[in-house]
Amino acid sequence: MNFSLEQLLAFVTVYELKSFSKAAVKLDKHRTTIGQVITNLEDQLAITLFERIGRTVEPTQDATLLYHYAKQAIEQTRTFDRMALSLSYGGLESVTIAYASFIPQQVLTAIRKALAEDFPSMGVNLWVRSKADIKKGIQDGSIHFGLVNVFEGKVINSIDSMLMRSMTFVPFTSADSELAKLPPSETITAMKSTRQFVLKSMLDDDMASRVIFSSQYEVVDQQTLIIRLVQEGLGWALLPRTIVLSEYYSDDIVEIKADQIKEAIHVPVSLWSQHSKQVLIVKQTISKCIEDYLKSIDSGHR
């Protein structure tokens, strides 16, 4: 059987909105047109997709089984379309790189320097965004690249994804705090009753069960602010081990040693990007820069 993109779009939109009228508005079509498209699709499939109930519609069990395949087919079609269009265009005048707030600024600085060398006339925008916003931006074309936490990642066909290994997070506290003075056998108990600062993006990425230790935790949006709060002795926090190499690090902050914590928290980071010829060229520079940075971190901690 052959199905048109119009049929798949109508089916998916009606399924998600449970309304012919709302689907028509979203697709800029007349309600009668959407209804006819769905009817034709049902005739072609020889099954009922929706039960009409007054002004609303309810998907049938068959519709639910087909929905995800239709959604995937639409994403693949759009990806093909973007890739085909990109082949006829020249180089990018500018790119937008969105990233999770825990990404070290040294990495971003290194990426910007590398892009300045390889693409001197190209502008680069750097935005802090949530993973959901990055996904949406890459799909609608407003974001070219994303550095995201893929701890609970799922395969997204419309996005080109490259796993860039993991970032290591360990607990840090002020050098003058009581936690820093305790023996490793006692620190975990004290951590559970001491104020902990938690990075908001970690909670947004469903990592609460792995990163929250203390009953007295506070959520902070910016990692640089968390580092400052820890330095001031206001609490402790899980931070990238790489902060010891950053300009924000000083002798006022130390890693907490705890016998009960057998290994660090590893956060897998992926480089997301659009599917296009021009983006793939720029991606080579960005991915190499990240890999070189991670290698330097590994060698620095041996």
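The values are calculated or read from the model by the stated rules, or taken from the named source; none is laboratory data. Predicted model, so just to flag it, every value in this text is computed and none were measured. Glycine gets a Cβ as well: all are built from the backbone with ideal geometry, and neighbour counts include every protein chain shown. SASA here: full protein model, heavy atoms, side chains in, ligands and nucleic acids out. Shrake-Rupley method; radii C 1.70, N 1.55, O 1.52, S 1.80 Å.
Kindly evaluate VAL230 against the criterion of being part of a strand (DSSP E or B) and either open to solvent by 20 Å² or more (accessible area, probe 1.4 Å) or among the β-branched types (Val, Ile, Thr) (or both).
Numbers: part of a strand (DSSP E or B): no; either open to solvent by 20 Å² or more (accessible area, probe 1.4 Å) or among the β-branched types (Val, Ile, Thr) (or both): yes.
No: the conditions fail for VAL230.
I'd like to check something: does segment 224-232 contain any residue that is at pLDDT 90 or above, under 30 Å from PHE119 (Cα atoms) and charged (D, E, K, R)? Walk me through how you get there before you give the answer.
Here is the first cut: in segment 224-232, the ones at pLDDT 90 or above are 225-232.
If we keep only those that are under 30 Å from PHE119 (Cα atoms) too, we end up with none.
No, segment 224-232 has no match at all.
I need the full set of residues from segment 92-119 which are open to solvent by less than 20 Å² (accessible area, probe 1.4 Å), among the aliphatic types (A, V, I, L, M) and out of contact with any Lys or Arg (no Cβ under 9 Å at 6 or more places or on another chain), in order please.
VAL95, ILE103, VAL107, LEU108, ILE111, LEU115
Within the set of pairs 6 or more residues apart or between chains, which connect a residue that is among the basic types (Lys, Arg) inside segment 57-79 to a residue that is in a helix (DSSP H, G or I) with Cβ atoms less than 6 Å apart?
LYS71/VAL12
Could you pull out the residue among TRP272, TRP236 that is under 27 Å from PHE145 (Cβ atoms), touching a strand residue (DSSP E or B) at 6+ places or on another chain (Cβ under 7 Å) and of a type in the set (Phe, Trp, Tyr)? I'd like the intermediate steps shown before the answer.
Details: TRP236 fails: under 27 Å from PHE145 (Cβ atoms).
Sole residue among the options that is under 27 Å from PHE145 (Cβ atoms), touching a strand residue (DSSP E or B) at 6+ places or on another chain (Cβ under 7 Å) and of a type in the set (Phe, Trp, Tyr): TRP272.
In segment 120-143, what residues are open to solvent by less than 30 Å² (accessible area, probe 1.4 Å) and under 12 Å from SER273 (Cα atoms)?
Answer for segment 120-143, where residues must be open to solvent by less than 30 Å² (accessible area, probe 1.4 Å) and under 12 Å from SER273 (Cα atoms): ILE134, GLY137, ILE138, ILE143.
Which one of the conditions (1) among the acidic types (Asp, Glu); (2) open to solvent by 60 Å² or more (accessible area, probe 1.4 Å); (3) under 23 Å from THR77 (Cα atoms) does ASP43 fail to meet, given that it meets all the rest?
Single failed check for ASP43: (3).
State which residue is modelled with the highest pLDDT when the search covers only segment 84-112 and only residues that are over 23 Å from the mean Cα position of the chain (by Cα) and not hydrophobic (A, V, I, L, M, F, W, C).
So, considering only residues that are over 23 Å from the mean Cα position of the chain (by Cα) and not hydrophobic (A, V, I, L, M, F, W, C), the one modelled with the highest pLDDT is GLU93.
Take the residues in segment 1-37 that are open to solvent by 90 Å² or more (accessible area, probe 1.4 Å), out of contact with any helix residue (DSSP H, G or I) (no Cβ under 7 Å at 6 or more places or on another chain) and not acidic (Asp, Glu); name whichever of them is farthest from GLN76 (Cα to Cα).
Once the filter is applied, the top-ranked residue is THR32.
If I filter segment 204-211 for residues that are in a strand (DSSP E or B), surrounded by 15 or more Cβ atoms within 10 Å (Cβ to Cβ) and in contact with a strand residue (DSSP E or B) (Cβ under 7 Å, 6 or more places away or on another chain), do I get at least one hit?
No, segment 204-211 contains no residue that is in a strand (DSSP E or B), surrounded by 15 or more Cβ atoms within 10 Å (Cβ to Cβ) and in contact with a strand residue (DSSP E or B) (Cβ under 7 Å, 6 or more places away or on another chain).
For segment 194-207, which positions are closer than 15 Å to PHE172 by Cα and either among the hydroxyl-bearing types (Ser, Thr, Tyr) or in contact with a His (Cβ under 8 Å, 6 or more places away or on another chain) (or both)? Spell out the reasoning first.
At the first step, the residues of segment 194-207 found to be closer than 15 Å to PHE172 by Cα are 194-199.
Residue satisfying the conditions is THR194 alone.
From the list GLU186, GLU218, GLU247, which residue is more than 20 Å from the chain's Cα centre (by Cα), acidic (Asp, Glu), modelled with pLDDT of 90 or more and over 24 Å from VAL150 (Cα atoms)? First the steps, then the outcome.
Working: GLU218 fails: over 24 Å from VAL150 (Cα atoms); GLU247 fails: modelled with pLDDT of 90 or more.
Answer to the check: GLU186.
Of everything in segment 30-52, what is touching a strand residue (DSSP E or B) at 6+ places or on another chain (Cβ under 9 Å) and farther than 15 Å from LYS18 by Cα? Give them in sequence order.
GLU42
Could you tell me which of the residues LEU179, LEU163, LEU238 is touching a helix residue (DSSP H, G or I) at 6+ places or on another chain (Cβ under 6 Å) and in a strand (DSSP E or B)?
LEU238
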